[in-house]
1. Answer yes or no: is there a residue in region 58-66 that is touching a Pro at 6+ places or on another chain (Cβ under 8 Å), surrounded by 11 or more Cβ atoms within 10 Å (Cβ to Cβ) and over 30 Å from M1 (Cβ atoms).
2. Against the definition (modelled with pLDDT under 80 and either more than 22 Å from M1 (Cβ to Cβ) or not assigned by TED's automatic domain parsing to the domain that holds V2 (or both)), how does E42 come out, yes or no?
3. Within region 26-35, does at least one residue satisfy the condition of being surrounded by 10 or more Cβ atoms within 10 Å (Cβ to Cβ) and either aromatic (F, W, Y) or in contact with a Leu (Cβ under 8 Å, 6 or more places away or on another chain) (or both)?
4. Condition check: over 30 Å from V80 (Cβ atoms) and not basic (K, R). Does S9 satisfy that?
5. Taking helices (runs of 4 or more DSSP H) that do not extend beyond the chain, which have at least 3 residues that are over 23 Å from the mean Cα position of the chain (by Cα)?
6. At pLDDT 80 or above and either among the polar types (S, T, N, Q) or in the same structural domain as K81 (by TED's automatic domain parsing) (or both), is that true of Q3?
7. Report whether or not E18 is of a type outside the set (A, V, I, L, M) and more than 30 Å from W78 (Cα to Cα).
8. Taking into account only those residues within region 54-89 that are basic (K, R) and at pLDDT 75 or above, which is nearest to R37 (Cα to Cα)?
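The values are calculated or read from the model by the stated rules, or taken from the named source; none is laboratory data. These numbers come from a predicted model, not from an experiment. Cβ placement follows ideal geometry from the backbone for every residue including glycine, while neighbour counts extend to all protein chains displayed.
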Amino acid sequence: MVQLNIQLSEEIKSIAEERAARGGYRDVGTYVESLIRADVDEAFLPPEHLQIRSQTHLEALLQEAHAGGTVKLTKADWEVKRRMRFREA
C-alpha cells in the first residue's frame, strides 16, 4: 500500500476524526479511503436514464429493444462507456 499525506484545516480534520469514529473505521485514513472508493464507484455508474431500477423496468427495456425501439446516447453516455473500457483494461 502507498502512503499519501494531505493537509487539512483543523475543522476538517476534526470532522473527519469524528465521522471515522462514528462510522466504526479503524482510523481517519481508512475513512478517507472509503470516501475515495465510493467516489470512484459512483463515477462509473451509468446515467440515470440507463440505470435498471427493477425487474419490471428491465423487462420493459428489453421489450422496447425487441420491438425495435432505440435509445439515443448522449455525450455523457459515451463518456461512461469510455471510462468503463479503460477501467477494464
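1. No.
2. yes
3. yes
4. Yes: the conditions hold for S9.
5. 10-22, 55-66
6. It is true that Q3 is at pLDDT 80 or above and either among the polar types (S, T, N, Q) or in the same structural domain as K81 (by TED's automatic domain parsing) (or both).
7. yes
8. It comes out as R83.
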